[in-house]
Structure formats: C-alpha cells, structure tokens
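Readers should treat all values here as calculations from the given coordinates under stated rules, not as data from a laboratory. These numbers were taken from a predicted model, which means no experiment stands behind them. Reconstructed Cβ throughout: ideal geometry from the backbone, glycine too, with neighbour counts over all protein chains shown.
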Amino acid sequence: MKKRGAAFSMLSAIEVVAAAIILLLLFNHAMRWSSTERPYQAYLAEDIALVINSLYSSPGGNIIVNYTQDASGFNVSIDEKKVLLYKKGIGIDEISRKFIGTGTDKIDEKLLENPKEIQFAKIGNEILIDNLVKADLNTLTCDEFAGEKLTNKKILVDPGYEKDNIKPSKEMCDIANSLVFKLTNAGVNYFNIFSTRKLNEYDEDEGIISINCNDLSKSDKPYEADVAISLRPGKNKNTKNNIKAFIVSGSEKEKESRKLACLMINSILGNNALGGIKITGASIVPVDLEATGMEFPDGIQNKIFVMLEIGNTESEQGKLLLEKVPELGDSISKGFVEYGK
C-alpha cells in the first residue's frame, strides 16, 4: 500500500509539474499575443478586407471611404486577393485576410507603411487605395476597349412613358427630340433613326425629324435598331438629384452598353452649361430583365442598350436639371459620338 501511495504521489507530482508547464506556456503565449498587439492586428486585417468587399459589391458609381482606424503600428500590404498586416522586419507576425473580388473590377495594389488613416475609392470599375486618394468623383472611369463608331448604326430613341400613362412625359419627349436633332447634326442618317413612338414625317424644308409624343400608338420598328437609348425621369421622395444608367446584365452587348453609358454620364457631368445645378451622384446599374419590375423597350436583349434615368422630379435641383433640354440632348449626343473614337 505504501509503495502504491508513493507511486501515486510521484504521479501526482509529475501531473502538477506538467500542468504548471502547460500553464506557463499558455501564459507566455497569451503575453506574447498581448504584447505583439495581435488581436488588434487581426481585427484590422479583417476590417480592411470587409471594406474592400463592400466596395466590390457596390454597383457602378463613385465612392470614397475614409478608413479612420489607426493602423500606424503596422505595414499594410494589399494585392488583388488579400490584405496583409505585419511589422517591418518581423515576418513571423504577419496576419492576412482574403477578400472576394469580382474578376472585372481592378484593384490598385498598394503597400502603406504605418498608415494612421487610409482612403479607399471606387471610381467606375477600379478600386484605389492610398493615405489620400487622388480621384475625380465627378466622372466615371470608362472601359478603354475600342468599339465601332455608332453614327452609321440604326438607332432607337425611346422617350419613355410613365407606368400608368402610355404618353411620355413632356420633359423626356423634349430631351429625346433634342437628342434626335443633335444626332442628325452629328452625321447620323435620319433613315437610321427609330423610336418606340411614331416619328413625324421628314420635312425636306426643315431638314429634321422628330418624335410625335402626342401619338399614343407605338412604333413597330424598334427590333430593326442596333443601338437603343431610353430616357426616364427620376422620381424619388428625397432631395437627391442623381443620374443612373441602366444596362442589361448578361447581354451579349453588356460591355459595349457599359462604355456607352459611361461616356454619356461623363458628358452630362462635364457640361459647363449645366452650371450651378447640383448632381448628387452618378452610377451604372446592370439589371436582370427577368427579375426587375422596371419597364424597358421590347427587343433590347442583344442590342447596345442604355436607359438613362435623369434627375428627380421630386427635388428642386432635379426639376432644374430637366429644364435643360438642349444641354442634355447635346451631352447625350456627345457621349454617343465619343464611343468608338
């Protein structure tokens, strides 16, 4: 019995020593975790990755995010897949977090040394990162691919119509006719211009055509067009005065539609003749035709198509914008002509 007791006591002593060693190791690990600020380092990596994910998931448009968490104790390295935080010269203390890209948006790879503040910006389809981002929020970044000139294409101009009224609004009809006039002046053959509405007959003396918005019947020729431009007034119960360009997601011509939308929006934003009118935002919005409740012209699935939602009929700045008929027609036309240059 004594021998068993001695053995038992020895085993207990060994267990106590082992437990003490484990506790000491855990204590040392906890002290190292605390002393190297690893919890905060992990938090920063995760948080920055979430910011980048949110920018990727934002629809087309320009956004700047001021990130005010203090990361000055670390170097912050960002590439196309991950965020990496580390202290200079101590590679063992690296912590990284991945983010989910889109495959189409580009990210500006960046190494920031001990940044106290970071700025993120999404300009068009590019994400920029710096201590202070130098970016123009007033214009979108357009795709650089070279498309065909559109002035020799068959063009559909749709003045739109209110949901409960098949007659287009006066503002949209006037802007659509201004656009038609500018397009013919830019060299588009009037025989190549169609509308979802009936066109007034070509007047050889006047040398112009126009959309007859008082004729409630619809044209049967939209399917013959190669390019479709649709107009709608914005209507939101707030003070925002935005411009949105809707394109068809998954269309064979989605890339071309996005570029045309971008050029038209930038032409409006850069028109000095609109001076003094505050435009609060601009974006390109891909839509699923099967899922949306919005009304689009028929037969646009495989065409270069842009639906511009202009201004806000519920805001004072929006109303002022919609009064700028020739200026808007000129801007939209210039964006159209710019495509393919």
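Taking amide H positions as modeled 1.01 Å from N, with prolines and chain starts lacking one, the residues under 5 Å from Val285 and 5 or more places away or on another chain are Ala245, Phe246, Ile247. Peptides 277-290, 235-248 ranked from most to least packed by the mean count of surrounding Cβ atoms within 10 Å: 235-248, 277-290. With only Cα atoms counted, region 244-318 has Rg and Dmax values of 13.6, 39 Å.
When a/c reaches 1.5 or more, the comparison of a/b and b/c decides; with that in mind, is region 155-338 rounded, prolate or oblate per its Cα gyration tensor? Rounded is the answer for region 155-338, as its axis ratio a/c remains below 1.5. Modelled label positions at Tyr190 and Glu314, each set 7 Å beyond Cα in the direction of Cβ, lie 4.1 nm from each other.
Computed from label points 7 Å out along Cα-Cβ, the spacing between Glu117 and Asn214 is 5.9 nm.
Legend: ranking of residues Thr196, Thr68, Thr184 from fewest to most surrounding C-beta atoms inside 10 Å; resulting order Thr68, Thr184, Thr196.
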